[in-house]
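Undergrad: One structure coming up, written as structure tokens, with questions to follow.
The values are calculated or read from the model by the stated rules, or taken from the named source; none is laboratory data. This structure is a prediction, so every number in the text was calculated from the model and none was measured. Glycine also receives a Cβ, built like all others from the backbone with ideal geometry; neighbour counts cover every protein chain displayed.
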Amino acid sequence: MAFTKAPIFVVLFLITLLPISTNSQDPSSDLLSQLESLQSQSPNGGVIHLIDSLLKRILSIPTHRPCTFLVFFDAQQLHSKPELSLPSLKSEFSLVSKSFLANNLPASNSKLFFFDIEFQESQSFFALFGVNSLPHIKLIRAEATDVKKDSVRINASDFSRLAESMAEFVEAKTKLSIGPIGRPSLISKKQLMFLIAVILISAPFLVKKVIYGNTLLHNKSIWMIGEIFVYFYSVSGSMHNIIRKMPMFLVDRNDPGKLVFFYQGSGMQLGAKGFAVGFLYTVVGLLLAFVTHVLVYVKNRNAQRLVMFISF
């Protein structure tokens, strides 16, 4: 009888311990599983949209968090401001996340997650992170205890090369490898095949025109117009406007009905200012070319002096 009761007692003791073991799961592993699930379901290259409930759960683990977080702070009402470039920066941020997942599989071993947080949905958390201006991206390491003091912000200089600069920042601060940025191709395979077919079909006609000198490249007027355009493009700062995505004008903050074409201050040039200065430089260049190449053939000295006086 003693032999048969002993196993029953052991079984009952194990049954009483079973609920305790099932309910004492590690909250960090549960959070990591949830983040991996949200990451796989994200339509934005693995970027998880951070809502209040998820952020509260993350912050409920004060120490020994399962991974490092990179957070993009966004505000939909500011997407219309070209000087902030929030839509393009958010797209580059998503590209970094997508490249990281593609180069670091399985994702469970990466220990790095990308988030975006919307101002209108979580204004209080903007203050919690100490964010008072945009664009703003912060890195929160796994060992951080205070998300405001222990987080690291990506400076504006780290946006110079967009996704590539962001990846270099993350690699330098976390010692994790993002890998090469997988930018989508500008031309699809179908478009490339169509372009090759057009070139092959038109090649005999193009060769014939080149042999007989009957192309646009043999037209002097085209070359002159091209030279003027290159000169204007160089002196107007158009490349600066394209790289920095500078607007042509701004709306006056004090008077919304007034437009500002010339920004008074250093470090910023609006597109209208560049075009105005470029136009003046182009006029001066054309006058100089006229004086040195055309006016020298005019025999009337009085006409030469008059044109010189007007030019200078």
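Results for (1) aromatic (F, W, Y); (2) surrounded by 12 or more Cβ atoms within 10 Å (Cβ to Cβ), shown as yes or no for each residue.
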| residue | (1), (2) |
| --- | --- |
| S188 | no, no |
| V198 | no, no |
| H240 | no, yes |
| F249 | yes, yes |
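Undergrad: Please name all residue pairs, on different chains or six or more residues apart, with Cβ atoms under 7 Å, provided the first residue is in the range 27-54 and is assigned by TED's automatic domain parsing to the domain that holds V71 and the second residue is in a loop (DSSP other than H, G, I, E, B) and acidic (D, E).
TA: I51/E121
Undergrad: Of all residues in the range 55-80, how many are among the β-branched types (V, I, T), surrounded by 18 or more Cβ atoms within 10 Å (Cβ to Cβ) and in contact (Cβ under 8 Å) with a residue 40 or more places away in the chain?
TA: Number satisfying all stated conditions: 2.
Undergrad: Quick one: would you say I199 is in a helix (DSSP H, G or I) and out of contact with any strand residue (DSSP E or B) (no Cβ under 9 Å at 6 or more places or on another chain)?
TA: In short, yes.
Undergrad: Turning to a different aspect of this structure: If a residue must be more than 30 Å from P87 (Cβ to Cβ), touching a helix residue (DSSP H, G or I) at 6+ places or on another chain (Cβ under 7 Å) and of a type in the set (F, W, Y), how many such residues does the range 223-251 contain?
TA: Counting residues in the range 223-251 that are more than 30 Å from P87 (Cβ to Cβ), touching a helix residue (DSSP H, G or I) at 6+ places or on another chain (Cβ under 7 Å) and of a type in the set (F, W, Y) gives 1.
Undergrad: Can we say K90 is under 26 Å from S133 (Cβ atoms) and either at pLDDT below 85 or loosely packed, with under 12 Cβ neighbours inside 10 Å (or both)? Let's see the steps before the verdict.
TA: Details: under 26 Å from S133 (Cβ atoms): yes; either at pLDDT below 85 or loosely packed, with under 12 Cβ neighbours inside 10 Å (or both): no.
Answer is no for this residue.
Undergrad: OK, next. Identify all residues within the range 153-163 that are surrounded by fewer than 17 Cβ atoms within 10 Å (Cβ to Cβ) and either at pLDDT 85 or above or within 10 Å of V96 (Cα to Cα) (or both); write none if there are none.
TA: Hit for the range 153-163 is R153, nothing else.
Undergrad: Is it fair to say V235 is modelled with pLDDT under 85 and within 15 Å of G278 (Cα to Cα)?
TA: For V235, the condition - modelled with pLDDT under 85 and within 15 Å of G278 (Cα to Cα) - is met.
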